[in-house]
1. Return a yes/no flag: does the range 782-798 have any residue that is among the aliphatic types (A, V, I, L, M), in contact with a Cys (Cβ under 7 Å, 6 or more places away or on another chain), open to solvent by 40 Å² or more (accessible area, probe 1.4 Å) and at pLDDT below 90.
2. Do we have GLU550 as at pLDDT below 85 and closer than 28 Å to ALA477 by Cα here?
3. Out of GLU731, GLU749, GLU757, I need the residue that is closer than 22 Å to LEU694 by Cβ and buried (at least 18 other Cβ atoms within 10 Å of the Cβ). Which one?
4. Residues ASP614, ASP568: which one is open to solvent by 50 Å² or more (accessible area, probe 1.4 Å) and part of a helix (DSSP H, G or I)?
5. Filter the range 705-724 for residues that are of a type in the set (A, V, I, L, M, F, W, C) and open to solvent by 30 Å² or more (accessible area, probe 1.4 Å); which is nearest to PHE609 (Cα to Cα)?
6. In the range 766-799, how many are in contact with a strand residue (DSSP E or B) (Cβ under 9 Å, 6 or more places away or on another chain) and on the phi < 0 side of the Ramachandran plot?
7. So which of ARG397, ARG389 ends up being over 37 Å from the mean Cα position of the chain (by Cα) and under 26 Å from GLN307 (Cβ atoms)?
8. Name the pairs whose Cβ atoms lie under 9 Å apart, with the first residue in the range 644-658 and among the acidic types (Asp, Glu) and at pLDDT below 80, the second assigned to a helix (DSSP H, G or I) and open to solvent by less than 80 Å² (accessible area, probe 1.4 Å), and 6 or more positions between them or separate chains?
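The values are calculated or read from the model by the stated rules, or taken from the named source; none is laboratory data. Since we're looking at a predicted model, the values are computed, not measured. Here Cβ is always computed from backbone atoms with ideal geometry, including for glycine, and neighbour counts include all displayed protein chains. What goes into the accessible areas is simple: the full protein's heavy atoms, side chains included, and nothing from ligands, DNA or RNA. Shrake-Rupley method; radii C 1.70, N 1.55, O 1.52, S 1.80 Å.
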Amino acid sequence: MNENEKEVYLEVGDSPIARILHYLAITATSDELLEALLLDIQALGIAIHPQLLSDARNTFNTLSQQGTNNNNANTTSANNDANSLPPADATTAKRRLVPNPYKLYEQLRRKPRTMYSIITAKRKKKAVNSNNNTIKSTGPGRPKGKKNKPGHKAGGNRKSAQYVQHTGDQSSLTYFTFPGGGDADDGGDIRGDGGGGDDNAGGTGGGDDGGGGGGGGGDNPNSDTEDNEKKRRKEVMERLAQSNAEKDLKRYAESFRNGSTDMSINHDLDEEDEEDAVDSDTAKRNRRTCQPADGSPIKQYLDCIHQKVQHPLRAGTTLSTPTNSIDIKKTSWISPPMNPVGKGFKGTADPSDFYVSNAFVFLWDPLLQYPEHMPSKVICPICHSTDTRCDGNWKFRPYHWWDKTVYVYHRRYECTSASCEAKWPSIRPDFLATLPTLVAEQFPFISPTERGPGIYAPMLTMMKELFPTGVMIGKFAAVINVLLRVNFAQTHISYLDAIHHWLYNQPSALVDCRIPTPFSPYQDAGGYCGFELKESLLKESLRHHMVAREDYMQASAQTANDCGLSTDDSHKQAKHCHVTVGKSKVQPFTTTFTAISLSGQPCLSLFKFTKSTDELRDVIPNYFQVRQHIGKTELLRLEGDRGAIDHPLFFSAAPSLLRDVHPRREDTDLPRFDVTENDYTYITTKSALSEYALARLEHVKAVIEKHGTCRISVDTEFSADDLHVVAIEIEGSRPAVLVHPYSWGNTFEPNMKKILELDNVLIIGCNISVDVRKLRERFNIRVCRVRDSRSFCRHDDAQQKTSLQAMCG
């Protein structure tokens, strides 16, 4: 852009539309293109004042008349640099390109370089003379070969070296430095071209076409010596700051995966070599740390909080709290200090305040904060003794709080009992369990481990609510880690923007060193001190969370009761529950019993060792007492797949089920067959089956002596690889027995086995051959006589089918 275009541009007002129109006027290559662009802007619904359209056309006509080939070249170069529209031709004019006016307005604004581009830019090599001294390109006089510009007097280019250094295109970290000397007003550097002077003579400027150099130096050698000493110290300090900054930048880059400050990346490193390199070189550095290091900004801030909290505690109870103190009895949350963006920098740029801006503090001491609800002494969570006291130690512990970190300031206690002498923090879960419920609920965090970070309890509530949608623990941890990383990136960018403002807008007189301190890596304990949320922490926290709120969840299940109930036994959930016995895992439960209301909400759910109804004899009556307490006394509908077994317990507990129910009776003279609770019993152990067999042994012998044969009906329930139930009913004996041979292996109870293997015992059953084979394969029970009950159906008709459908249909 030439000087004429600059002057035209400078005359434009602050209106964005006016700026866009002037930009189009000075960049358009033809009258047709300008008109097409103006029409397209109006087609977007943007109202343009006629005076602005006239000014844009006049500007274009003025530039087209004054323009030369050089101006056209400069305009084309400016268009290419600004990523503007392509040159107009016949095809472009026909397509009627529709420019984005907001994009054009963004092009008018100066786009400042990002801090990363400034820091990582290659440093320019300075020109040196034969003595290996840097050649100064600026000085108090006019540079050689230059002429005075319009408006300048005979002093040449009077712009100081600081101004040129500030506005010029610098590279690397030297962009932040202000090299001294060069200006005659400042004394200058004796090695500059026409700059400054020696101790006794002022500087003189050389050049053609007039214009002498400005006076400099002076006759005060002490003043020059002091200035040179200050400049030397400043240069030494900046070189040291630059060296430290380069090291910090390299460490920051290496904190990322495949991060490096080099321009080229080694792609030949495979995954195995990369893992070995991480394990050998950076394992110690990448070790998980969550506590800030000593001397770090966050550690200093937490120590300051500690002093402010302890100050009124040591001074005793006062009517008013000093301004430099924090009363733990009146507050629980402490937010970070003032936002560092509004605070700004002073002499140097340091990110310490940005680190502290993400550190919140939660004060927790139940004895001081809730004295009305707490006893005089706390209870030891180990020995449950009240011989306890405070050991005088206060600690900070970090907790995950969405995308921030909360440091819980808590007290430690100790047990004075000689047999215990335990020490514990006031945030320990088993200690919180000894507190009154009202007080324990005021602590909104969960500490699943003795050391390490904790988590905010509502985060676990959110995770539980997301489980039905398919968001499990791993996905939830990944989402929280993304929030943490985004907050880290935003804080880092805010720091870089604050540096940019500090360099360009803050007066340079307040700057001691223009080399800013680089931002620390995410997990640097001496800087940002960030730590990721691990899946193991979520799993352990969820377990503590569910245990602590089990009573609440059971209480909430009571509100789901209505006039209907559906029951079922399921084996799926019990398969995932194991208990370690020695070196092996054992499944203690066989099934789960669940009862849901008509609306589909769970009302009762518990694990069972077997499917036996005996385990529900005490549960069902207690469940109906709960229904009475909440006003749901009547149960009018009951559904289930084991009505003959489970329903008698419900009928006895809820007589309302039999209201207006009339049993259906067949129109027949045959006796009715009913099964009552006295007709069968469940046996799960060998000792119980042995007692049952010995009690029936004399009865079996008596039947054999009287009739010569004792009939025993046998039925089994089995799967492809297991035998679940063996039903045994002895002739003339009640009750029958349902045997559950769980964990029996291949050994059956010997007394019952002898009864089944007697010569005068006849085993009867439907399709009995299959049941006998299963008993022989599993327990090696070899019966002598069997009879299939289906043979009675074929007594009159040998072709009679014996299935229930064929016989009853």
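1. Just the residues of the range 782-798 that are among the aliphatic types (A, V, I, L, M), to begin with: 783, 786, 798.
From the residues that got through so far, the ones that are in contact with a Cys (Cβ under 7 Å, 6 or more places away or on another chain) too are none.
No - not one qualifying residue is present in the range 782-798.
2. Yes, satisfied.
3. Working: GLU731 fails: buried (at least 18 other Cβ atoms within 10 Å of the Cβ); GLU757 fails: buried (at least 18 other Cβ atoms within 10 Å of the Cβ).
None of the other options fit; the residue is GLU749.
4. ASP614 is the lone residue from the list that is open to solvent by 50 Å² or more (accessible area, probe 1.4 Å) and part of a helix (DSSP H, G or I).
5. That would be PHE718.
6. Selection size over the range 766-799: 18.
7. ARG389
8. These pairs meet every condition: ASP646/THR613; ASP646/LEU616; ASP646/ILE620.
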